[in-house]
1. How many of the residues making up region 18-61 are of a type in the set (D, E) and surrounded by 18 or more Cβ atoms within 10 Å (Cβ to Cβ)?
2. With the requirement that a residue be open to solvent by less than 80 Å² (accessible area, probe 1.4 Å) and of a type outside the set (A, V, I, L, M, F, W, C), what does region 62-81 give you?
3. Tell me, which residue of region 1-53 that is assigned to a loop (DSSP other than H, G, I, E, B) and either under 19 Å from D74 (Cα atoms) or aromatic (F, W, Y) (or both) is modelled with the lowest pLDDT?
Amino acid sequence: MSFAYRATDTDITRATRRLARKRADHALRALHTDTSPADALHTARKDAKKLRALLKLVGPVLPGSKTENRALRDAARASSG
């Protein structure tokens, strides 16, 4: 699954939301379909890490990104063990 802005993206906010939704959907699908709970959790945590990277990239111009980043961090931390 690619994780990049498209050349046709004209609105950075909409494009960022599209990327974030895509990554979050991937994490949720993994939690519901992976055969092993460990694999599902691993995939979800990797997706959370990628979402956090995206939020850090656009954080200075996207309102609420710090709050979202903290929530993702806390969720990933709680699932680590």
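1. 1
2. G64, S65, N69, R73, D74, S79, S80, listed by residue number.
3. Filtering first and then ranking leaves F3.
The values are calculated or read from the model by the stated rules, or taken from the named source; none is laboratory data. Just so it is clear, the model here is predicted, and its values are computed rather than measured. Note that each Cβ is placed from the backbone with ideal geometry, even for glycine, and that neighbours are counted across all protein chains shown. SASA here: full protein model, heavy atoms, side chains in, ligands and nucleic acids out. Shrake-Rupley method; radii C 1.70, N 1.55, O 1.52, S 1.80 Å.
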